[in-house]
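What follows is a short report on a single structure.
The values are calculated or read from the model by the stated rules, or taken from the named source; none is laboratory data. Owing to the predicted nature of the structure, the values given are computational and were not obtained by experimental measurement. Neighbour counts run over all protein chains shown; Cβ positions are idealised from the backbone, glycine included.
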Amino acid sequence: AMLRGDAAITRITDLWIRSENRQGFVMFQPVYRSTSIPEDESQREAACRGWMYMPISTSGCLHDLCRVANRELALELYDGPIVEAERLFYRSNEKRLGDKSASAWSLIRPGSAPNLQRTIEFGGATWTLLASPSSRFSAT
């Protein structure tokens, strides 16, 4: 983050927030002596005064996103470019997040495949998003 001059995030990790263990990531932003970001790596390293950081709970921030979408989206997020049960860190149907079976998508939408699969680059991390209308949306 410091050498690039922008924010970066960690891989998905366990966070202790309000005495609860949650999955999430930490975003780091370098703070430089001046308000402008130095032009090259050596200048950025010399001008770095410290760090701002923020732990972000994936279930908290994504739960709010799904609530905004009026629970009409079924979402899964995976850490990295590969969709594997071990890499699953968010499922919009949180009651089943602990069940990391190989057919994770079928837990949200039995007998269906996601309508959208995208790889997302965010703060130096790579995530894979699976999305589809929820069963509630499909019923309308």
State whether the residues of the stretch 30-46 include one that is under 20 Å from Arg118 (Cβ atoms), aromatic (Phe, Trp, Tyr) and modelled with pLDDT of 85 or more.
no
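Residue by residue through the stretch 1-12, note down the ones that are surrounded by 16 or more Cβ atoms within 10 Å (Cβ to Cβ) and assigned to a loop (DSSP other than H, G, I, E, B). Step through it out loud before you land on a result.
Applying the first criterion (surrounded by 16 or more Cβ atoms within 10 Å (Cβ to Cβ)) to the stretch 1-12 yields 1-2, 5, 7-10, 12.
Result: Ala1, Met2, Gly5, Ala7, Thr10, Ile12.
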Residue ID - farthest from the chain's Cα centre (by Cα), chosen from residues in the stretch 45-58 that are small (Gly, Ala, Ser) and surrounded by 12 or more Cβ atoms within 10 Å (Cβ to Cβ)
Ala47
Just give me the residues in the stretch 14-44 being more than 29 Å from Thr58 (Cβ to Cβ), touching a residue at least 12 places away in the same chain (Cβ under 8 Å) and exposed (fewer than 12 other Cβ atoms within 10 Å of the Cβ), in sequence order.
Arg33, Ser34
Of all residues in the stretch 47-77, how many are modelled with pLDDT of 85 or more and either closer than 10 Å to Met2 by Cα or of a type in the set (Lys, Arg) (or both)?
5
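Are any of the residues in the stretch 13-26 assigned to a loop (DSSP other than H, G, I, E, B) and either out of contact with any Lys or Arg (no Cβ under 7 Å at 6 or more places or on another chain) or among the aromatic types (Phe, Trp, Tyr) (or both)? Show your work before the answer.
To start, the set of residues in the stretch 13-26 that are assigned to a loop (DSSP other than H, G, I, E, B) comprises 18-19.
Next cut, either out of contact with any Lys or Arg (no Cβ under 7 Å at 6 or more places or on another chain) or among the aromatic types (Phe, Trp, Tyr) (or both) only: 18-19.
Yes - at least one qualifying residue is present in the stretch 13-26.
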